[in-house]
Amino acid sequence: MRDRLEDLNQKITIAGGGLAGLSLASALRLRDVPVTVLEAGTYPRHRVCGEFISGVTGQTLQRLGIASAVSDARRHTSLGWYEGGRRIHEDHFKTPALGISRFLLDARLRDHVEHLGAEIQTKTRARPIPAEGLVWTAGRRPCKGTWVGLKAHVRGLSQNEDLEMHAGAHGYAGLAAVEDGWTNVCGLFRLDPSVTAKGADLLPAYLARGGNHQLAAALQACEWRRDSFSAVAGFKLGRQPTLPGLLCLGDAESIIPPFTGNGMSMAFQAAECAIDPLVSWAKGEKAWQDAVNTITKAIRRKFQRRLLVADGLHSVLLNPGGRSLLQSMASARLLPFQPMLTLIR
Ligand SMILES: Cc1cc2nc3c(=O)[nH]c(=O)nc-3n(C[C@H](O)[C@H](O)[C@H](O)COP(=O)(O)OP(=O)(O)OC[C@H]3O[C@@H](n4cnc5c(N)ncnc54)[C@H](O)[C@@H]3O)c2cc1C
């Protein structure tokens, strides 16, 4: 019966098997839509990401059919904000955030989606040529960006809160536990040609360059998880340049500044917005362009405010005047953390 239903539906091809692509593939397979995922890389692999999932509801994960993939993730509630190693603000997340490595999560989702009957072709690079049924979830687009993202898993780093954010002169880094006793250390920094370190030494070097000397030294004394160091450079934050005629979701559509810990949630939410229109197209009930327009509109509406607010806060965080204002507000206990969190969710 299921096969017969599938035979009636048109196929969706998803270019990019990251979180947006795999969660969409899961949701579509659960609704009997034939799916092929084209992924340039392989699984499992370490990726640049703070691996701190905040702002997605259990309902969204259920609709996507991926709740079980994060059911054993670490639950994070406490937060500390640090400047030069000194805590200036402590707070909490009313709804716990999830801590799970991309090494584990992406591979779990791949297995789950394959089990649901999707075809997954790894080491396959798709081309952005518009076609009916093609969804572009291929992530950040390489460009002349000014950022470098660095991440590693370490053991032996002591933490006061579940999530520690360490601000610096040229960027910031977060610390949060993932599975098996590993701590994710991940930072976003302004590219600086005067930093001459190579490979994994880049992470402590960029931390020290921004004034976080203690953290840099503590990091160097840690046990580092083999092969976990990853780096990415050359990308732009915010709304991505449009690819005419293509339906883009996740980072391919817009990249929220990483301090929000909301990028992965946005990838899931974008996939959720796409479910019903894509199922209608697959069943022949909706024209492709109608489906694309409906999804694009829904995503813009959902993400517009948080992108705008996050962009403004990001500029404040990377500006010396903005940082000292935040410090003064924090010491006067006037930092409106909870309202700001609501605005970027
Ligand atoms: C420094 C940093 C820290 C971050 N920290 C956090 C955090 O703590 N919490 C959070 O929620 N978010 C965080 N993010 C953001 C988060 O990682 C992304 O928003 C999320 O991964 C987006 O998912 P995606 O599926 O759109 O893209 P991706 O997960 O990047 O997936 C895209 C996939 O497409 C594949 N691909 C690329 N080109 C092609 C092609 N031509 N054909 C086929 N496949 C292709 C790639 O190999 C990749 O697997 C962080 C980002 C950075 C840079």
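The values are calculated or read from the model by the stated rules, or taken from the named source; none is laboratory data. Remember, it's a predicted structure, so these values are computed and weren't measured experimentally. Backbone-built Cβ (ideal geometry, glycine too); neighbour counts: all protein chains shown.
Which one is nearest to ARG345 (Cα to Cα) among residues in region 287-325 that are surrounded by fewer than 17 Cβ atoms within 10 Å (Cβ to Cβ) and more than 27 Å from the chain's Cα centre (by Cα)?
Only one residue fits best here, namely LEU325.
For region 33-47, indicate whether the set of residues that are of a type in the set (Gly, Ala, Ser) and modelled with pLDDT under 95 is non-empty.
No; the residues of region 33-47 include none that is of a type in the set (Gly, Ala, Ser) and modelled with pLDDT under 95.
When the residues of region 216-268 are filtered to those that are of a type in the set (D, E, K, R) and farther than 24 Å from ILE344 by Cα, which remaining residue is surrounded by the fewest Cβ atoms within 10 Å (Cβ to Cβ)?
ARG226
May I ask you to list pairs of residues, at least six apart or on different chains, whose Cβ atoms are under 7 Å apart, with the first in region 141-161 being in contact (Cβ under 8 Å) with a residue 24 or more places away in the chain and the second being of a type in the set (Asp, Glu) and more than 10 Å from the ligand (Cβ to nearest atom)?
Short answer, once both residue conditions are applied: VAL154/GLU223; ARG155/GLU223; GLY156/GLU223; GLU161/GLU90.
Can you tell me which of GLU285, GLU272 is in a helix (DSSP H, G or I), more than 10 Å from the ligand (Cβ to nearest atom) and either touching a residue at least 60 places away in the same chain (Cβ under 8 Å) or farther than 27 Å from LEU202 by Cβ (or both)?
GLU272
Does LEU28 satisfy the criteria of being under 18 Å from the mean Cα position of the chain (by Cα), surrounded by 23 or more Cβ atoms within 10 Å (Cβ to Cβ), aliphatic (A, V, I, L, M) and modelled with pLDDT of 95 or more?
no
Could you say whether any residue in region 48-59 is away from the ligand (no atom under 14 Å from the Cβ) and within 25 Å of VAL148 (Cβ to Cβ)?
No, region 48-59 contains no residue that is away from the ligand (no atom under 14 Å from the Cβ) and within 25 Å of VAL148 (Cβ to Cβ).
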